[in-house]
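> Quick one: the structure is below, and I'll ask about it shortly.
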Amino acid sequence: MSAGAMPAGAGSAAGGASGAGAGSAAGGAMAAGAVSPAAGSAVLAGAQAADLRRRLRHANAEARALLGRSPDDDAEPSQLPELIASLKSLLADAPDVDADRLTDEHEAALERLRQRFDARLHALDRAHDAVKGLREITSPAAMLARAPAALCEASKLERVILSLVSGGRMVAEAAHFSGDGGRAKQVLEELAANPIRLEHPLIETELMRRRRATIVVDAAVHPRVDRRLCELMDWSSYVAAPLVVASQVIGVLHADRGPDGKLDVLDREVLWQFATALAQAYESASLIRTLRREREQMRQFLDWLNVRSSDLTDAPIRLATVQRPPPPPPAPSEAGRPPGGREDRVVFEGLLTRRELDVLRLMADGHANKSIAGALVISDGTVKFHVNSILRKLHVANRAEAVSRYLRLLGMRAP
């Protein structure tokens, strides 16, 4: 008996409890303790945590009432073995009660419950592990193409179709039929060539709105099942689940156990577990693919920028040939002034070093770094160092501005 079945005398003290009431309470406590204490904390932290804790409190309260104990609001799985042992003693002392038979029946029911629980966990773990294998595929499209086969291999489902939602239609993307690859290919081609329109009253439209898995029974006569799809698959029943990526439904999974296979609730849970994990894996793969593409584009841009920067740095300054105007007859006060302007060493004294001034003169004559290096018998790197120093000291941004300032300060001009 489950913990939810409460006997008529559950609220009475232990001394007045009937044997049937004690048996029911023992069954409830044992049902709540079907999971081992070691696994209790993990189970109570799962998706059904709230419901499991409610059942645990109910069974604990039932048992304590029959044993004449005060209620405990902080019921924990570790308390159940002691409560069960106490209830067994109470049953053994009750008149006209076959305690051994009741205990054996409850323990058999518990064993069946444990088996169902273990089978469910095993099935869900296999579905999760199947998606874990798909995560090794870096291409999102390849991941979806492999998904139907991975689901069939990891569950009792035998036929799986994955469709993507595009333009208000379900476009078949991949399919796998266990032991019948030819038929899977045929169905896939037929559905891909003629996508199913998603419109009322198809059950898939409700599926996408509610965003949860569902089992469809009596598919051949169900008014909300697409007739063409049902005939292609020869369905009697099937299970379907949406693929939800970033709050958007991108596709739908359909699956069954073959034309004559019977589906149960566990098949729906397995498909939903697989669909949820697959959507997360697909989103991660898509994000990684986008980041890699953007990183490659950025790398190419930086490479191009580096090449262009080097070209601009090493390119010669193409200015018109500097023409020094013919000087007028020198006045007595200007007899020491060089033709064409002031002496550059005087103008730049204290600002540029002699070597920097040599480099600046050659830049003004249109020489590139390599030519300057050859003329001054220094390395290209040294020339670049001097050029950067000149730009900094003259407070200019590039070589052209440096040459322009040099000419302006010397009183020269370019025609």
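> Would it be correct to say that GLU231 is loosely packed, with under 13 Cβ neighbours inside 10 Å, among the charged types (D, E, K, R), assigned to a helix (DSSP H, G or I) and free of Cβ contacts under 8 Å to residues at least 60 places away in the same chain?
Details: loosely packed, with under 13 Cβ neighbours inside 10 Å: yes; among the charged types (D, E, K, R): yes; assigned to a helix (DSSP H, G or I): yes; free of Cβ contacts under 8 Å to residues at least 60 places away in the same chain: yes.
Considered against the rule, which asks whether it is loosely packed, with under 13 Cβ neighbours inside 10 Å, among the charged types (D, E, K, R), assigned to a helix (DSSP H, G or I) and free of Cβ contacts under 8 Å to residues at least 60 places away in the same chain, GLU231 comes out as yes.
> If you don't mind, another one. Quick one: in the range 201-220, of everything that is part of a loop (DSSP other than H, G, I, E, B) and within 25 Å of the chain's Cα centre (by Cα), which residue is surrounded by the fewest Cβ atoms within 10 Å (Cβ to Cβ)? Before the answer, list the steps.
Let us first name the residues in the range 201-220 that are part of a loop (DSSP other than H, G, I, E, B), namely 201-202, 211-213, 218.
Still in the list and also within 25 Å of the chain's Cα centre (by Cα): 211-213.
Details: ARG211: 12, ARG212: 14, ALA213: 22.
The selected residue is ARG211.
> On to the next question. For ALA39, indicate whether it is modelled with pLDDT under 75 and among the hydrophobic types (A, V, I, L, M, F, W, C).
Here the answer is yes, as ALA39 does meet what is asked.
> So, one more: Of the residues that sit in the range 157-171 and are surrounded by fewer than 19 Cβ atoms within 10 Å (Cβ to Cβ) and either of a type in the set (D, E, K, R) or touching a Phe, Trp or Tyr at 6+ places or on another chain (Cβ under 7 Å) (or both), which one is farthest from LEU229 (Cα to Cα)? Walk me through it before giving the result.
First, pick out the residues of the range 157-171 that are surrounded by fewer than 19 Cβ atoms within 10 Å (Cβ to Cβ): 158, 164, 166-169, 171.
With the extra rule that they be either of a type in the set (D, E, K, R) or touching a Phe, Trp or Tyr at 6+ places or on another chain (Cβ under 7 Å) (or both), the set shrinks to 158, 169.
Working: GLU158: 17, ARG169: 13 Å.
Here the answer is GLU158.
> Pick from ALA123, ALA145, ALA154, ALA130: which is among the aliphatic types (A, V, I, L, M), within 20 Å of ALA240 (Cβ to Cβ), surrounded by 14 or more Cβ atoms within 10 Å (Cβ to Cβ) and free of Cβ contacts under 8 Å to residues at least 60 places away in the same chain? Give the steps one after another, and end with the answer.
Working: ALA123 fails: free of Cβ contacts under 8 Å to residues at least 60 places away in the same chain; ALA154 fails: free of Cβ contacts under 8 Å to residues at least 60 places away in the same chain; ALA130 fails: free of Cβ contacts under 8 Å to residues at least 60 places away in the same chain.
On inspection, the qualifying residue turns out to be ALA145.
Yes or no, residue by residue, for (1) modelled with pLDDT of 80 or more; (2) in a helix (DSSP H, G or I); (3) under 28 Å from GLN273 (Cβ atoms); (4) not polar (S, T, N, Q):
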residue	(1), (2), (3), (4)
ASN60	yes, yes, no, no
PRO95	no, no, no, yes
LEU110	no, yes, yes, yes
PHE117	yes, yes, yes, yes
HIS122	yes, yes, yes, yes
HIS128	yes, yes, yes, yes
GLU136	yes, no, yes, yes
ARG146	yes, yes, yes, yes
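The values are calculated or read from the model by the stated rules, or taken from the named source; none is laboratory data. Every value quoted in this text rests on a predicted model; they were computed, and no experiment measured them. Glycine also receives a Cβ, built like all others from the backbone with ideal geometry; neighbour counts cover every protein chain displayed.
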